[in-house]
Each structure stands twice: as structure tokens, then as C-alpha cells.
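Chemist: Shown below is the structure under consideration.
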Amino acid sequence: MKDIEELTKHEAEIELKRIAEEMAKSDIAYYQNDNPYLTDAEYDSLKKRNEEIEARFPELIRADSPSKRVGAAIKSGFGKVPHRFPMLSLGDVFSIEEVDDFILGVKRFLNTANDIIFMAEPKIDGLSFSARYEHGRFVLGATRGDGTTGEDITDNLRTIAQLPQTLPSGVPDVLEVRGEVYMAKEDFFAINEKYLAAGKKAFANPRNAAAGSLRQLDANITKERKLSLFAYTWGKVSQRCWNSQAEFFERLQEWGFPTNPLNKLCHSLKEVEENFNHLMEIRAQLSYDIDGIVYKVNDIALQERLGFLTRTPRWAIAHKFPAEQALTRIKDIRIQVGRTGALTPVADLEPINVGGVIVSHATLHNEDEIKRKDIRINDMVVVQRAGDVIPQIVKVILDKRPADSQEFIFPHTCPECGAHAIREEDEAVRRCTGGLTCPAQAIERLIHFVSREGFNIEGLGDKIIEDFYHEGILHSPADIFTLEQRNDDGDLFSHQKNSALHLESRAGWGKKSVENLFQAINQRRLISLPRFIYALGIRQVGTATARLIAQHYGNFTNFMTDMKNKETAKLVQIDGIGGAMAKDIVEFFQEEHNLQTIQDLLQQVRVEDFEDKTDYNSPIAGKTIVFTGTLERMARAEAKAQALSLGAKVAGSVSKNTDYVVMGADAGSKATKAKELGITILSEEEYLNLIKS
Ligand code: IVH
């Protein structure tokens with residue numbers, strides 16, 4: 001990048017425009033789509049460069065300059081709302097025995113032998129909110145945030161019809177009502193269908209869809225999405241006119257708040273268990289996702305005596321449901337070919353409703369897995385859907401194995417291109433050797449190339465890439481950058497000579513969407529080195545490794561020269577790159593078609609040199625960190641990128657070398673393993689405090 005001192009006025013003007021566009025786009029990706037593509041460091045350096053150019057050419061300051069937007073409003077987007085009364089979370093238990101322990105604990109604490117009455121409430125899988133009313137008028141809405149400070153979502157909450165804007169007379173002067181915003185399954189399917197048709201990425205589950213819809217800087221977008229809510233607790237109130245959770249629900253109903261019709265008082269462990277079993281049974285038929293049941297001591301005087309632990313009340317607990325399972329039949333097993341040629345067996349299932357979502361495929365991972373679980377075509381199997389993961393086959397019901405069940409013979413040739421499929425010693429996967437002559441690999445490579453962490457080109461969804469590939473419109477990444485020219489002029493592809501593409505006349509497209517696509521593509525003609533390396537799709541090279549390489553080599557030429565010269569030894573000097581990975585990387589650069597792809601691409605895009613802005617003095621510099629569970633304050637990719645820029649290493653699995661495990665909601669086996677190994681576990685909040693310190 002040119003020194004600011006050396007820029008001509010014309011060049012400065014062009015750059016200011018580029019930066020303004022880039023930052024505006026990044027803001028939209030970050031705030032509206034919950035899908036960031038610039039790291040904080042990249043964002044900050046753009047902002048800094050913008051300011052420096054403006055200082056030299058004040059006459060060029062644009063009306064839409066990022067410097068004109070309030071700093072805080074850009075960075076955090078939403079105003080901050082301190083919670084006068086913290087928004088807490090709940091302890092989790094997974095069995096009725098643990099619920100019994102909880103109830104015994106409550107009785108012990110209260111020093112009573114009397115039965116305690118509990119309110120059992122379905123645990124809505126959404127996003128918690130707090131709505132403040134002053135003199136009966138809705139004045140402030142907030143997300144939970146870190147529990148102490150949330151984000152101001154007043155305008156967004158106003159768009160949800162179920163939230164009363166004014167309350168009847170007689171309500172407390174100050175009243176904070178809290179509850180859960182969620183997206184009904186039906187609305188979730190509808191929005192995803194719309195997104196997929198438009199070539200956008202679908203939301204993984206209703207919870208993500210609700211979060212992405214509520215946390216919109218532009219409340220008009222929230223309004224378009226159908227959101228619903230249930231109220232279930234309170235924050236600050238000037239005068240409490242209820243003495244139990246049951247009475248509170250009565251008040252809520254009088255005031256016009258939706259409460260869950262399945263909330264139920266339980267007078268004994270037996271009732272608790274019956275209620276649990278009942279809700280488990282009807283769970284799939286509910287129009288919204290629930291992931292457990294919350295038990296709250298009904299009597300508020302008792303709640304007050306019980307009080308709080310650090311982050312959770314002693315008077316409430318969440319009884320989580322196990323992953324949703326169902327029984328179905330394997331109709332067939334087929335092979336999918338991935339970006340690196342890996343042959344993955346996939347089971348085609350008789351479509352089955354698993355917790356309200358129709359499942360018709362499940363991954364079988366690899367050939368050993370099929371053998372280990374002894375899975376055959378026509379077998380009856382238990383399938384499971386947990387959170388947003390791909391459905392899994394838990395086990396075969398051998399008692400129900402039909403006479404015509406068939407063993408699956410794993411192919412030794414690629415079903416897509418016919419090339420040999422080879423399984424290397426000590427590898428679990430068999431791979432197609434067809435490289436980019438294999439259509440499946442070529443398509444997967446293109447999909448990877450435009451993905452969020454790669455070139456992040458919105459508008460080129462999986463389906464579109466597949467169609468374009470088969471129609472001969474796109475074969476290699478460089479073709480993406482000649483689309484615009486070919487759209488009007490035709491040419492370039494010998495077999496398509498002179499026929500202009502006219503994408504705007506394709507079904508479902510239009511002038512605007514084509515313009516947007518070309519704009520998205522052109523914005524990527526300048527690309528950061530880590531993104532470029534990642535996008536190439538080298539086996540084993542994810543975002544973290546791409547960044548390590550970028551950091552080490554500084555520019556693409558240096559890296560490529562060493563790789564062509566098979567300098568494996570130099571690669572393994574990079575902390576975090578081992579022998580096997582180095583071998584894969586070097587091999588990638590020995591393949592003629594890969595070198596050709598890169599050469600073509602470099603005709604179209606410019607790769608920015610990597611400026612190392614890593615903070616090697618940060619509190620986590622040199623530490624190895626594992627992120628697990630759902631993070632609430634930042635996207636996982638963003639958290640990773642930030643940790644790397646603070647000089648930490650980010651690992652995917654917990655080992656004795658791990659320094660910290662940062663645990664989000666619903667953390668699974670990694671948290672358990674960390675506990676076993678005695679590794680420091682941090683909540684998201686503790687982690688953020690650590691890196692701030
Ligand atoms: S009560 C101090 N009630 O679960 C009590 N929470 O793991 C705080 N949730 O952050 C929460 N349904 O987002 C409560 N009926 C319900 C709930 C519920 C869903 C969520 C909420 C909370 C999380 C706690």
C-alpha cells in the first residue's frame with residue numbers, strides 16, 4: 001500500500017471512496033447479517049488510513065466518510081444499556097435425579113421438610129430481552145449482553161406486535177418485564193426458503209434467525225422478520241404487586257404480555273417428572289423450539305431467602321432435554337465428494353420429523369464408521385439432531401434388521417469423475433485423485449473460495465455456483481472476476497464464444513441482483529493475504545493456519561516461491577504447522593492445475609501484503625486458547641481472529657497444552673475434558689475481562 005505522503009490527490013480520492021464502501025459493507029455484514037468478514041484489526045487499520053488521508057486532503061472528506069459516524073456507534077452499533085438488576089443465567093441439569101438433588105438442596109438451605117412448590121416453564125430457545133416501562137409506556141428495550149450491560153434494542157422491540165407499547169393504569173411506575181424473543185419454526189422455514197432462493201445462506205436454526213433479526217441496526221429489517229415472544233420474569237420494579245411466580249404470570253396476562261400456556265405449577269417430584277415427560281413428548285409438535293424446562297421456586301419470599309450464587313439464582317434451575325432422536329430407515333447410502341476429494345458416505349433416510357425439523361440425510365463420516373456401527377442399507381436406525389449440527393446416526397436397531405439389508409461396498413473410484421480413490425495409510429478418508437478435473441471437487445473448491453472466511457462474495461450461493469459450473473459459466477475462481485465483462489460482451493470461453501451471459505434475465509434474477517453481485521465481486525479485487533491463502537482451499541489450511549502463514553511470509557510471492565521449491569523445512573518452523581500439514585501445503589503447489597488457477601487469479605485480484613499488527617504484549621500472547629459452546633457477545637470467527645491478533649494460538653481441541661478454554665452456552669465434551677485436565681475455564685465475560693486487562 002502506498003505511503004499517504006506519496007498519494008496524488010486523485011489517488012487519495014479513489015482510496016477514500018474504496019474505504020468508505022468497504023467499511024459500510026463491513027458494517028452491514030457485521031451488524032445486520034451477524035456475519036463479519038473483516039477482523040477488528042483490519043477494520044481499525046482501514047479506519048486509521050481513512051483518517052490519515054483525510055488529514056492530508058481535508059477537501060476530499062466524503063459525506064459518507066466513516067470518520068463522520070460516531071466512533072462508538074460504529075464499533076458497537078447499539079447503545080449500551082446497564083441493567084440495574086443483572087440478567088442472570090441458570091444452572092443446567094440433565095436428569096431427574098439431579099432435579100431431585102436441586103430440590104433437596106433448596107429444602108436444606110431453607111431448613112424445611114415441607115414440600116416446595118415449583119413453577120415449571122418450558123425453556124424457550126431464543127434470545128432474552130428486557131423491556132422497561134415508565135408510567136405504563138414502553139421506553140427502553142435491551143438484550144442480555146454480558147448480564148450487566150446489554151444493547152439498546154428499543155426500536156427493534158417496538159416492531160414486535162406482541163410486545164405491548166402501553167400498559168393499563170395501575171401498573172408500577174417503573175416496571176422491567178423480561179422474557180424471550182423467538183422465531184416460530186414456521187416463520188424460520190419461510191425466511192430460510194426466501195434466503196436460499198435469493199442465493200443467500202440460510203440460518204442454522206430458529207434461535208440464530210431470531211438473534212440475527214433482533215440485533216439489526218435498521219429496525220425496518222426486524223419488522224420484516226416475524227418474531228414472537230414470551231414474558232417470564234422481571235428486572236427493576238418500583239413496587240412489586242405479586243407474591244409468587246404464578247401471580248406474576250396473572251399480572252403479565254392482565255397487562256397484555258404473552259405468557260407460555262404450558263407454564264405449570266408442580267407440587268412434587270412426581271409432578272415434575274410427569275410434566276417433563278409430557279413436554280418431551282409434545283416438544284416436536286410445538287410451533288417453537290424449547291430446549292428444556294426451567295423450575296423456579298414459586299414463592300417469592302422463599303426466592304429472596306435463597307438468593308443467588310455468582311451468576312445464577314439458587315431458586316431456579318434448567319432441566320435440559322437430551323438431543324432429539326427418532327427412528328427411521330436408511331433408503332440408500334451414497335458418496336459425496338468434497339473440496340479436497342474426500343469421499344464422504346451419506347445416508348439417505350426415509351424423511352422423519354426430528355424435533356420439528358424434517359431430516360432426510362445423515363452423515364456417516366467414513367468407511368470405518370460404517371463398519372464400526374455395522375450400518376447397512378435398509379436398516380432401521382436412530383437419528384439424532386443436537387443444536388445446529390448435522391444429523392447423526394446413533395445406532396442400528398439390530399432387532400429390526402430386515403432380511404434384505406445390504407452391506408455397503410465402499411467404492412475405490414470416484415463416483416463423480418471415475419478417477420481412482422485412494423486411502424493413504426493411517427488416514428480414515430479415501431480421496432479422489434481427479435483434482436480439478438473432478439466436477440465435484442471443482443464445485444466444492446469454488447464454494448469454498450467465495451465462502452465467508454474466504455473471498456466472502458455474497459450472492460454466489462452454493463446452488464448458483466453449481467448451476468454456473470454445469471452451464472460452463474464458472475470453472476475456476478478467476479472466472480468470477482470476468483463475469484461482469486462476459487455478461488454484456490460474451491466471449492472468453494471458447495465453447496461459449498460471443499454469447500453474452502445476460503444473468504439479469506435468468507429466472508429469479510433481475511437487474512438489481514446482478515448489479516449487487518458485480519459490486520460484491522469488484523470489492524474483492526483487493527484481498528488480504530490470509531483470506532487469499534485460505535480461499536485457495538489447501539488441504540488442512542483453515543483460517544488460523546492461513547493467518548500463521550501470512551504472518552510468517554508477509555506476502556504471497558515469498559510464500560509461493562518457497563512452496564514451489566518444496567521448502568517443507570521452512571514451513572514447519574512456523575509454530576502451529578506440523579509435518580503432515582506442511583506436506584499437504586507443499587504438495588498443493590506441485591500440482592500444475594493449482595499453479596494455473598493461482599496465476600489466472602492474480603491477473604484479476606491484488607493480494608495485500610500482510611502487516612503484522614499482532615499485539616505480542618497482550619495478556620493472552622503466547623497462550624493456547626480453545627473456544628467452545630455458543631458465544632453470545634461475538635461470532636466464533638471474530639473471537640478467533642481477535643485472539644490471533646492478540647498473539648494467542650487458537651486450537652480446535654483441548655489438550656494438556658491448552659491454557660484457557662473459553663466456554664459459551666451449551667458447551668459439550670470440550671468443557672468436560674478441560675475440567676478433567678485441570679485447565680482454566682473462562683466464561684465469555686471473564687475472557688473479555690482478561691483481554692481487556
Ligand atoms: S428465567 C434468573 N425462564 O434461558 C432467571 N429463562 O439459561 C433468569 N430462558 O438467559 C432466566 N426460557 O434466555 C427463564 N422460562 C424461562 C426461560 C428462560 C428461556 C433462557 C433465558 C436465560 C437462559 C438461562
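Chemist: Would you tally the residues in segment 213-252 being under 23 Å from F85 (Cα atoms), open to solvent by 20 Å² or more (accessible area, probe 1.4 Å) and part of a helix (DSSP H, G or I)?
Modeler: Of the residues in segment 213-252, 4 are under 23 Å from F85 (Cα atoms), open to solvent by 20 Å² or more (accessible area, probe 1.4 Å) and part of a helix (DSSP H, G or I).
Chemist: Examine segment 127-135 for a residue that is open to solvent by 20 Å² or more (accessible area, probe 1.4 Å), polar (S, T, N, Q), within 16 Å of the ligand (Cβ to nearest atom) and out of contact with any His (no Cβ under 8 Å at 6 or more places or on another chain), and state whether such a residue exists.
Modeler: Within segment 127-135, one or more residues are open to solvent by 20 Å² or more (accessible area, probe 1.4 Å), polar (S, T, N, Q), within 16 Å of the ligand (Cβ to nearest atom) and out of contact with any His (no Cβ under 8 Å at 6 or more places or on another chain).
Chemist: Tell me whether segment 523-543 contains one or more residues that are open to solvent by 40 Å² or more (accessible area, probe 1.4 Å), under 22 Å from the mean Cα position of the chain (by Cα) and under 22 Å from E22 (Cβ atoms).
Modeler: Looking for residues that are open to solvent by 40 Å² or more (accessible area, probe 1.4 Å), under 22 Å from the mean Cα position of the chain (by Cα) and under 22 Å from E22 (Cβ atoms), one finds at least one in segment 523-543, hence yes.
Chemist: Another question about this same structure. Those residues that are without any contact (Cβ under 8 Å) to a residue 40 or more places away in the chain and buried (at least 18 other Cβ atoms within 10 Å of the Cβ), I need them from segment 193-212; list them, please. Talk me through it step by step, then tell me what you get.
Modeler: Here is the first cut: in segment 193-212, the residues without any contact (Cβ under 8 Å) to a residue 40 or more places away in the chain are 193-195, 202-203, 209.
Once the filter is applied, which keeps residues that are without any contact (Cβ under 8 Å) to a residue 40 or more places away in the chain and buried (at least 18 other Cβ atoms within 10 Å of the Cβ), segment 193-212 yields F203, A209.
Chemist: Among (1) at pLDDT 95 or above; (2) within 30 Å of the chain's Cα centre (by Cα); (3) over 25 Å from G668 (Cα atoms); (4) among the hydroxyl-bearing types (S, T, Y), which single condition is S287 missing?
Modeler: Exception for S287: condition (1).
Chemist: Here is a check on your reading of the model: is L279 assigned to a loop (DSSP other than H, G, I, E, B) and either open to solvent by less than 10 Å² (accessible area, probe 1.4 Å) or of a type in the set (A, V, I, L, M) (or both)?
Modeler: No, not satisfied.
Chemist: Quick check: is even one residue across segment 256-272 assigned to a helix (DSSP H, G or I), over 23 Å from T630 (Cβ atoms) and within 16 Å of the ligand (Cβ to nearest atom)?
Modeler: Within segment 256-272 (the criterion being assigned to a helix (DSSP H, G or I), over 23 Å from T630 (Cβ atoms) and within 16 Å of the ligand (Cβ to nearest atom)), the answer is yes, since at least one residue qualifies.
Chemist: Sort out which residues of segment 276-315 are closer than 16 Å to V93 by Cα and away from the ligand (no atom under 13 Å from the Cβ), and write them in order of number.
Modeler: Matches in segment 276-315: F276, N277, M280.
Chemist: On to the next question. Got a sec? Which of S130, S89 is outside any strand (DSSP E or B) and within 27 Å of the chain's Cα centre (by Cα)? Give the derivation first.
Modeler: Values: S130 fails: outside any strand (DSSP E or B).
Just one listed residue meets the conditions, S89.
Chemist: Right, next: Considering (1) closer than 26 Å to R132 by Cβ; (2) open to solvent by less than 70 Å² (accessible area, probe 1.4 Å), say which one K185 fails and leave the rest.
Modeler: (1)
Chemist: If you check every pair at least six apart or on different chains, which have Cβ atoms under 9 Å apart with a residue in segment 97-113 that is under 17 Å from P313 (Cβ atoms) first and a residue that is among the basic types (K, R) and open to solvent by 40 Å² or more (accessible area, probe 1.4 Å) second?
Modeler: That search, which allows pairs on different chains as well, returns G105/R314; V106/R314; F109/R305; F109/R314; L110/R305.
Chemist: Next question, about the same structure. When K463 is evaluated against the numbered criteria (1) assigned to a loop (DSSP other than H, G, I, E, B); (2) closer than 30 Å to S528 by Cβ, which criterion, by number, is the only one it fails?
Modeler: Condition (1) is where K463 drops out.
Chemist: Evaluate the following for V586: is it within 24 Å of T433 (Cβ to Cβ), of a type in the set (A, V, I, L, M, F, W, C) and within 29 Å of the chain's Cα centre (by Cα)?
Modeler: No; evaluated as a whole, the condition is false for this residue.
Chemist: So which of I549, I577 is among the β-branched types (V, I, T) and closer than 15 Å to G647 by Cα?
Modeler: On inspection, the qualifying residue turns out to be I549.
Chemist: For the subset of segment 136-152 comprising residues that are of a type in the set (A, V, I, L, M, F, W, C) and away from the ligand (no atom under 14 Å from the Cβ), which member is least open to solvent (accessible area, probe 1.4 Å)?
Modeler: F138
Chemist: Right, R431: outside any helix (DSSP H, G or I) and in contact with a strand residue (DSSP E or B) (Cβ under 9 Å, 6 or more places away or on another chain) or not?
Modeler: When the stated conditions are applied, R431 passes them.
Chemist: Tell me, which residue of segment 677-693 that is over 18 Å from N657 (Cα atoms) and of a type in the set (S, T, N, Q) is most open to solvent (accessible area, probe 1.4 Å)?
Modeler: Only one residue fits best here, namely S693.
Chemist: Of all residues being of a type in the set (D, E, K, R) and open to solvent by 20 Å² or more (accessible area, probe 1.4 Å) in segment 306-326, which is nearest to D100 (Cα to Cα)? Just the residue, please. I'd like the intermediate steps shown before the answer.
Modeler: If we filter segment 306-326 for residues that are of a type in the set (D, E, K, R), which is where we start, we get 311, 314, 320, 324.
When the remaining residues are screened for being open to solvent by 20 Å² or more (accessible area, probe 1.4 Å), the result is 311, 314, 324.
Details: R311: 21, R314: 14, E324: 23 Å.
The qualifying residue nearest to D100 (Cα to Cα) is R314.
Chemist: Select the strands (runs of 3 or more DSSP E) contained entirely in segment 283-372, then report the ones holding at least 3 residues which are within 24 Å of V181 (Cβ to Cβ).
Modeler: Per the criteria, 290-297, 316-320.
Chemist: Does F188 fit the bill of being in a loop (DSSP other than H, G, I, E, B) and farther than 24 Å from V297 by Cβ? It would help to see each step written out before you state the result.
Modeler: Details: in a loop (DSSP other than H, G, I, E, B): no; farther than 24 Å from V297 by Cβ: yes.
No: the conditions fail for F188.
Chemist: I would also like to ask the following. Mind listing whichever residues of segment 144-185 are outside any loop (DSSP other than H, G, I, E, B), in contact with a Gly (Cβ under 7 Å, 6 or more places away or on another chain), closer than 22 Å to I293 by Cβ and of a type outside the set (V, I, T)?
Modeler: Hits for segment 144-185 are R178, E180, Y182, K185.
Chemist: Just to be sure I understand, how many residues within segment 90-103 are within 18 Å of I300 (Cα to Cα) and either open to solvent by 70 Å² or more (accessible area, probe 1.4 Å) or at pLDDT below 95 (or both)?
Modeler: Matching residues across segment 90-103 total 1.
Chemist: What pairs can you find where one residue is in segment 41-64 and within 24 Å of L644 (Cα to Cα) and touching a residue at least 12 places away in the same chain (Cβ under 8 Å), the other is open to solvent by 30 Å² or more (accessible area, probe 1.4 Å) and acidic (D, E), and their Cβ atoms are less than 8 Å apart, with a gap of 6+ or different chains?
Modeler: Pairs found: S45/E611.
Chemist: Are any residues in segment 112-124 of a type outside the set (G, A, S) and either more than 7 Å from the ligand (Cβ to nearest atom) or surrounded by fewer than 19 Cβ atoms within 10 Å (Cβ to Cβ) (or both), and if so, which ones?
Modeler: Across segment 112-124, the qualifying residues are T112, N114, D115, I116, I117, F118, M119.
Chemist: Could you please let me know if I377 is farther than 30 Å from K320 by Cα and either open to solvent by 40 Å² or more (accessible area, probe 1.4 Å) or in contact with a Phe, Trp or Tyr (Cβ under 7 Å, 6 or more places away or on another chain) (or both)?
Modeler: Here the answer is yes, as I377 does meet what is asked.
The values are calculated or read from the model by the stated rules, or taken from the named source; none is laboratory data. None of these values were measured; they are calculated from a predicted model. Neighbour counts run over all protein chains shown; Cβ positions are idealised from the backbone, glycine included. Keep in mind that these areas ignore ligands, DNA and RNA; they rest on the heavy atoms of the full protein, side chains included. Shrake-Rupley method; radii C 1.70, N 1.55, O 1.52, S 1.80 Å.
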